[in-house]
Amino acid sequence: MATPRTITLSVNGTTHQVTVEPRTTLVDLLRGDLGLTGTHVGCEHGVCGACTILWNGKAVRSCIMLAVQADGSEVTTVESMAQDGELHPIQQAFMEAHGLQCGFCTPGFLMSISELLTRSPDPTDEEIKDTLGGQICRCTGYQSIFTAVRLAIKKLADARAAGGSA
Amino acid sequence: MKPPPFEYTAPTSIPEVVALLQEHDFEAKILAGGQSLMPLLNMRLARPSILIDVARIPDLDYIRATDGSIAIGAMTRQRSVELADTVRTSHPLLYATTMHIAHPQNRNQGTLGGSIAHADPAAEYPALALLLDAEMRAVGPDGERTITATDFFITYLTTSLEAAEVLTEVRLPLLPPRTGWSIQELTRRHGDYALAGVMATITLDGGGQCTEARLVLFGVGATPIRASNAEQMLIGTKPGQTEFVAAAAKASGDLDEPLSDVHASAEYRRDLARVLTRRALAEATANAAGAA
């Protein structure tokens with residue numbers, strides 16, 4: 001066994017200090033060590049996008065990132081979205097627009113879209129497609145997910161106009 | 001799918017990296033953004049005894065417009081290249097190339113230097129480096145040296161970097177005036193590695209005659225391949241459909257046995273190379289006619 005390393009990282013605003021083997025992937029740390037099983041593991045080689053999380057605000061694959069690479073970083077997972085039982089506007093839009101069926105891929109989609117709409121609150125169709133193209137969904141069909149993104153953009157704009165925090 | 005055990009170290013200076021590489025030789029692997037290395041580790045196709053994470057080294061993440069080229073630090077994320085205004089305005093071919101790489105979620109992690117040092121023959125940045133005669137700066141035990149792209153890509157996943165050398169910067173020349181470019185790829189899904197790809201630039205003089213042609217085929221051999229004979233056929237002509245067809249036949253005919261795998265046979269890849277070359281030359285020429 002290789003020399004374990006102690007790392008410190010913030011996950012959804014909570015600071016964790018954990019000792020891990022260098023080969024531990026970030027997704028295994030999140031799910032196994034921290035019990036945050038909202039992030040799903042799919043292909044484990046960076047293609048399907050189910051494990052997408054935000055790393056210092058940027059959407060990345062947590063299955064092809066080592067936990068040690070996240071030392072000193074801020075990680076955000078799908079568990080950060082709903083607050084006090086209230087769905088996040090992006091989640092609400094997914095529900096209303098049928099952006100999911102089985103839901104396995106959904107956490108990854110939500111995190112990728114969350115990055116997109118933070119960086120670019122009024123994205124072009126091309127920007128949305130470029131983002132969704134990095135996530136694989138095998139049951140819904142992408143059109144309803146695209147519709148959910150457009151609905152989420154509207155919800156977030158309405159919340160901003162109303163002076164909300166979302 | 002879990003990686004085999006390895007040691008991990010995250011040095012904070014280039015001399016430390018070189019010392020570690022000298023100590024561990026080919027047992028060590030440099031970890032940049034990990035978008036190619038981590039899948040190899042997860043699938044246990046690579047078993048390094050130690051990973052040297054170069055992400056904590058300051059000053060390897062920059063995009064600088066210099067005289068006639070753009071200098072990019074090896075750890076610059078592909079996403080930073082994509083989002084940099086200076087890239088979009090001064091080097092649209094570099095921007096377009098970047099947008100062909102995987103997905104935003106991979107480009108957020110993946111680095112320009114990592115892609116070039118990994119030297120996947122189907123990857124876009126190595127092809128672009130060869131197309132533009134890019135210069136790679138590397139630091140090793142004997143100090144710094146500059147390697148031109150022609151001397152850099154040796155074979156599949158193999159470069160001329162020595163065991164104790166680390167890539168620090170890539171310089172990509174800007175295109176000359178009156179130059180058009182084109183990238184043509186066939187992928188099974190958007191963002192996948194190309195089954196075959198072609199990059200071309202065409203430079204025309206005021207009278208529409210071709211003064212320079214550059215043509216690189218990728219995904220069809222052990223490295224990206226410069227199609228020099230086909231380039232020569234275009235120079236001095238006023239290139240049109242006849243020249244494109246002839247040059248494309250030459251470029252694809254000159255290929256040694258192209259890769260053959262589950263995705264495409266060698267024969268299919270050779271034919272694809274021909275078709276994509278013809279399209280690339282036509283588009284680059286049309287763009288050159290419109291370029292200032």
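The values are calculated or read from the model by the stated rules, or taken from the named source; none is laboratory data. Just so it is clear, the structure is predicted and the values come from calculations on it, not from any experiment. Here the Cβ is made from the backbone with ideal geometry for all residues, glycine too, and neighbour counts use every protein chain on show. Side chains included, ligands, DNA and RNA excluded: accessible areas come from the protein's heavy atoms. Shrake-Rupley method; radii C 1.70, N 1.55, O 1.52, S 1.80 Å.
Quick look at the numbers
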{"item": "Area buried, chain B against chain A - accessible surface, total, 1.4 angstrom probe, square angstrom", "result": "2800 Å²"}
{"item": "Too-long pairs where the Cα-Cα distance tops 29 Å, listed order kept, from B:LYS2/B:LYS29; A:LYS129/B:LYS29; A:LYS129/B:LYS2", "result": "A:LYS129/B:LYS29; A:LYS129/B:LYS2"}
{"item": "Rg followed by Dmax, in Å, when the range B:175-229 is reduced to its Cα trace", "result": "13.4, 40"}
{"item": "Peptide-level mean, for A:53-60, of C-beta atoms on other protein chains within 10 Å", "result": "4"}
{"item": "When the convex hull of its Cα atoms is projected in every direction, mean area for the range A:27-166 (nm²)", "result": "8.4 nm²"}
{"item": "Accessible area expressed per residue, the range B:2-66, with surrounding protein chains retained (probe 1.4 Å, Å²)", "result": "47 Å²"}
{"item": "The range B:216-291: trypsin sites (Lys or Arg not before Pro) in DSSP loop, at most 11 other beta carbons within 10 Å", "result": "none"}
{"item": "Anchor B:LYS238: aspartates and glutamates whose Cα lies under 12 Å away (excluding residues fewer than 8 positions away in-chain)", "result": "B:ASP205, B:GLU212"}
{"item": "Partners for B:LYS250 among aspartates and glutamates (Cα-Cα distance below 14 Å; same-chain residues under 8 apart left out)", "result": "B:GLU231, B:ASP271"}
{"item": "Shielded by partner chains, the range B:25-61 residues - at least 30 Å² of accessible area, 1.4 Å probe, vs chain alone", "result": "B:GLN35, B:MET38, B:PRO39, B:ASN42, B:ARG56"}
{"item": "Computed FRET value (nearest 0.05) for B:SER265 with B:ARG188, which takes r as the C-beta separation and R₀ as 22 Å", "result": "0.95"}
{"item": "Equivalent ellipsoid, the range A:89-161 (semi-axes from 5 times Cα gyration tensor eigenvalues, Å)", "result": "18, 13, 10"}
{"item": "Percent accessible area from carbon and sulfur atoms, chain B, protein chains only, probe 1.4 Å", "result": "50 percent"}
{"item": "Where the range B:171-292 is the region considered: accessible area per residue in Å², 1.4 Å probe", "result": "45 Å²"}
{"item": "Shape of the protein assembly as shown, Cα gyration tensor, a/c cut at 1.5", "result": "oblate"}
{"item": "Within a Gaussian network of chain A (alpha carbon springs, distance under 10 Å), most fluctuating of A:VAL41, A:VAL149, A:VAL18", "result": "A:VAL18"}
{"item": "Shielding by other protein chains, A:3-15, mean Cβ within 10 Å", "result": "1"}
{"item": "Solvent exposure ordering (accessible area, 1.4 Å, most first) of A:ASP125, A:ASP84, B:ASP61", "result": "A:ASP84, B:ASP61, A:ASP125"}
{"item": "Sequence-distant residues sharing a close amide H with A:HIS88 (under 5 Å, placed H)", "result": "A:ALA82, A:GLN83"}
{"item": "GluC sites (Glu not before Pro) within the range B:150-189: DSSP coil, no more than 16 neighbouring Cβ in 10 Å", "result": "B:GLU162"}
{"item": "Per residue accessible area of the range A:89-161, 1.4 Å probe, in Å²", "result": "46 Å²"}
{"item": "Convex hull volume per residue for the range B:7-53, taking Cα atoms only, in Å³", "result": "65 Å³"}
{"item": "Solvent-accessible ranking of A:ASP130, A:ASP158, largest area first, probe 1.4 Å", "result": "A:ASP158, A:ASP130"}
{"item": "Loop-located chymotrypsin sites (Phe, Trp or Tyr not before Pro) in the range A:69-166 whose Cβ has at most 12 other Cβ within 10 Å (DSSP)", "result": "none"}
